[in-house]
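The values are calculated or read from the model by the stated rules, or taken from the named source; none is laboratory data. Quick caveat: nothing in here was measured; it's all calculated off a predicted structure. Virtual Cβ from ideal backbone geometry, glycine too; neighbours counted across all protein chains shown.
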Amino acid sequence: MSATTAKDIEKQIESFRDKIRHHEYRYYVLDDPEISDAEFDRLMNELKELEAEHPDLITPDSPTQRVGGKPREGFVKVHHSSPMLSLDNAYTEEELRSWERRVHELSGRKDIEYVCELKLDGMSLAVRYEDGQLVRGITRGDGTTGEDVTANVRTVRSIPLSIGKEKLKKIGIPADFEVRGEMLMPIAAFKKMNDERAQKGLSLFANPRNATAGTVRQLEPSITAQRRLDYFCYSLLRDGRTFFKRHWDTLNALESAGFKVNIRRVLAKNFDEVWSFIQQWEEKREGLPYEIDGIVVKVDQTSLWGELGYTGKAPRWAIAYKYAARSGVTKIEDILVQVGRTGKLTPVAALKPVPIGGTTVSRATLHNMDEIERLGVKIGDWVEVERGGDVIPKVTRVVEDKDHPRGHKSFHMPEKCPVCGGHVIRTEGEADHRCINANCPAKLRETILHFASRGVMNIDGLGGALVNQLTERGLVKNVGDIYKITKSDLLKLERMGDKSAQNVLNEIENSKQLPLERVIYGLGIRFVGERTAQFLAEHFGSMDALMNASEQELLDVNEVGPRIAESIAEFFREPKNRELIKQLREGGLTFTGKKRQRGTKLSGKSFVLTGTLAHYTRDEAKKMIEDAGGKVTGSVSKKTDYVVAGADAGSKLDKARELGVKVIDEKQMESLTG
Ligand code: IVH
């Protein structure tokens, strides 16, 4: 018997890997496994053992290496190779036909073919490969810049970690390329995860889309690995551009390379075939294992894509036909009242559970008293409930016929807060009722959740269940107390081990580095959102200057009007709040920032950017306008002062002309901003 050489071992390991990759592909991409789970686990364990004996032979693309290192400092921003665009929508056959007409007009051709794909309701994501190896997974972000979520993307087993260069070459794909597609959580996985969370007393995700985003953007890859995410590709790029002549061929090439591409697609020769695909899936969509919200129709001939161009953020060579929001009819068993962070009381209908589009709906918002009156809703009524995308289900109308008799019990807003018993008031001219007790525990809970949330102080792990315990035990009475929590405090709580406690403390410590605007936003001052907080931070440059500013001085800040100025001044007049600021200062949070002097030349002027500018990116143009004191918004209305139109400007330009809004070009924008 000859001695086993190092080469033999390497070969043996590589052969295990190939087998496992093949079975991962059968299971996760084709949904058609050839072996049992136990057999698969056995193969995986054998590979793990071999690798443990020969750690020097471990490669990053080994199937054992899906769960690896954590992103340490949160997610790093990454520039996209070309913008990740969104799609314009069509809601009726007529709108779709007029899109087709436009395609014919602009291309000067009638022989156009269309690829129809399901519009998956998840989150779009780019995955880059270099030398056939997966190197980066990037969220869409704002379309220009996304977040590096590679560690989490690697855990998704329908995404290959590497593809042989020979194989790629045969298919016509270079070794360096990028795929784009939709990450989603199948409905079954979503339900399972929410059931488990409910059992642990954790907050539930509203729908699979939110669950997907929450999973992709969390910092522990081993958790992502446990939740079954799926990824379907719909685009293939080289240097940021598509390169097959036909989109249909792109999809087939992706499939041959081992990516998951939705098999529910067609190449349609004409509008009738497109329409028939749309109708077919409108009926069948309830039976799909994941949620879709429409059909994406794309011009197959990619050579026409450039000619057809873009309208603002969307290409003219594709359109999303959106299905109507899903609804169901059910009975209102009761109307409950929820108290939010600002003390707002929201009436919520407790419904007889009804399945709508794959999830069971048992609550729907009624917004406020005005809405209840508008709908004429009574307890015991049968109502139509609508659920669409990520919105909370809402009651849209009362249903009344012989099978659905009216209810009789009217709902009244309570005079006392259901959480703390404090006074409830409704200010003249406002739709909302509010609890005025500043110490209402409901406000406290929501205030802390807001403070800790992503985009504010980013304290991952400080979620609903933990906040409940901290507030109920009196350990946290305001957001300042978060910075006094000790490990021994945390260890006394339920479901809190040493490791989780340390993680929470690390997160709290990290939050101290976040800039001043986050702290201002986190305070939860009424009417002070993310953008206003940023303006305040830039204008005053420190918490002290902001805190001591008069209403008059506050009015000098970009976009701060009398209502906001009053609310800020009122907040800082309250001694309890000044005490809180002191506490946060002692906690070591960031209290100073960089002053950025915005000009006043364009103050009060509102701009909309459309089309592609020759010399500036959208962000640069926006910054120029904002630096001159102007404001940039997303849609054209009568209030818009200027529309800056670049090449290929589309519907926004049409709208500006229709409304008589002044349209300027890049040069004029330069001279306006100085
Ligand atoms: S194509 C420029 N194809 O829908 C092309 N998008 O509303 C942009 N989506 O951001 C995307 N399924 O997240 C495309 N088969 C599909 C899709 C799809 C879902 C999402 C995607 C995009 C959004 C636009």
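Of the strands (runs of 3 or more DSSP E) lying entirely inside the range 37-132, those carrying at least 2 residues that are of a type in the set (D, E, K, R) and either on the phi > 0 side of the Ramachandran plot or within 16 Å of the ligand (Cβ to nearest atom) (or both) are 114-120.
Of the set (1) closer than 23 Å to Gly122 by Cα; (2) within 12 Å of the ligand (Cβ to nearest atom), all apply to Glu286 but (2). The numbered conditions (1) surrounded by 19 or more Cβ atoms within 10 Å (Cβ to Cβ); (2) farther than 14 Å from Arg434 by Cα; (3) in contact (Cβ under 8 Å) with a residue 60 or more places away in the chain are all true for Asp381 except (3).
Return the residues of the range 242-284 that are modelled with pLDDT under 95 and charged (D, E, K, R); say none if nothing qualifies. Within the range 242-284, Glu282, Glu283, Lys284 qualify. Filtered by the rule that a residue be in contact with a Ser or Thr (Cβ under 6 Å, 6 or more places away or on another chain) and among the aliphatic types (A, V, I, L, M), the range 1-30 gives a lone residue, Val29.
Can you pull out every residue in the range 468-486 that is under 29 Å from the mean Cα position of the chain (by Cα) and closer than 16 Å to Ala501 by Cα? Asn468, Gln469, Leu470, Ile482, Tyr483, listed by residue number. Figure legend. Inter-residue proximity from the range 77-92: first residues under 18 Å from Lys298 (Cα atoms), second residues modelled with pLDDT of 95 or more and away from the ligand (no atom under 13 Å from the Cβ), beta-carbon distance below 6 Å, spacing 6+ or different chains. Indicated pairs: Ala90/Leu96; Ala90/Trp99. The set of residues in the range 199-216 being away from the ligand (no atom under 15 Å from the Cβ), at pLDDT 80 or above and not β-branched (Val, Ile, Thr) consists of Ala211, Gly214. Within the range 632-660, being in contact with a helix residue (DSSP H, G or I) (Cβ under 8 Å, 6 or more places away or on another chain) and in a loop (DSSP other than H, G, I, E, B) holds for Ser635, Val636, Ser637, Lys638, Thr640, Gly646.
Checking each residue in the range 313-343 for being within 30 Å of His412 (Cα to Cα), within 25 Å of the chain's Cα centre (by Cα) and in a loop (DSSP other than H, G, I, E, B) picks out Ala325, Gly340, Arg341, Thr342.
For the range 134-157, a tally of residues being within 13 Å of the ligand (Cβ to nearest atom) and in a loop (DSSP other than H, G, I, E, B) returns 4. If the condition is being in contact with a helix residue (DSSP H, G or I) (Cβ under 7 Å, 6 or more places away or on another chain) and surrounded by fewer than 19 Cβ atoms within 10 Å (Cβ to Cβ), then the range 132-147 contributes Arg136, Thr144. Quick one: in the range 407-426, of everything that is surrounded by fewer than 13 Cβ atoms within 10 Å (Cβ to Cβ) and over 30 Å from Asn468 (Cα atoms), which residue is farthest from the chain's Cα centre (by Cα)? Applying the filter and picking the extreme gives His408. In the set (1) of a type outside the set (A, V, I, L, M); (2) surrounded by fewer than 23 Cβ atoms within 10 Å (Cβ to Cβ); (3) in contact (Cβ under 8 Å) with a residue 60 or more places away in the chain, Gly122 fails one condition alone, (2). Does Lys595 count as touching a His at 6+ places or on another chain (Cβ under 9 Å) and either not acidic (Asp, Glu) or not in a loop (DSSP other than H, G, I, E, B) (or both)? Yes, satisfied.
Checking each residue in the range 643-670 for being in contact with a strand residue (DSSP E or B) (Cβ under 6 Å, 6 or more places away or on another chain) and among the acidic types (Asp, Glu) picks out only Asp648. When Glu196, Glu166 are screened for being more than 27 Å from Lys298 (Cα to Cα), modelled with pLDDT of 95 or more and either outside any loop (DSSP other than H, G, I, E, B) or not basic (Lys, Arg) (or both), only Glu166 passes. Just one of the listed residues (Phe277, Phe243) is within 13 Å of the ligand (Cβ to nearest atom) and more than 28 Å from the chain's Cα centre (by Cα), namely Phe277. At least 2 residues that are among the polar types (S, T, N, Q) and in contact with a helix residue (DSSP H, G or I) (Cβ under 7 Å, 6 or more places away or on another chain) in each: list the helices (runs of 4 or more DSSP H) lying fully within the range 512-585 that qualify. Helices (runs of 4 or more DSSP H) meeting the threshold: 530-540. Of the numbered criteria (1) away from the ligand (no atom under 16 Å from the Cβ); (2) surrounded by 19 or more Cβ atoms within 10 Å (Cβ to Cβ); (3) not in a strand (DSSP E or B), the one Leu351 fails is (3).
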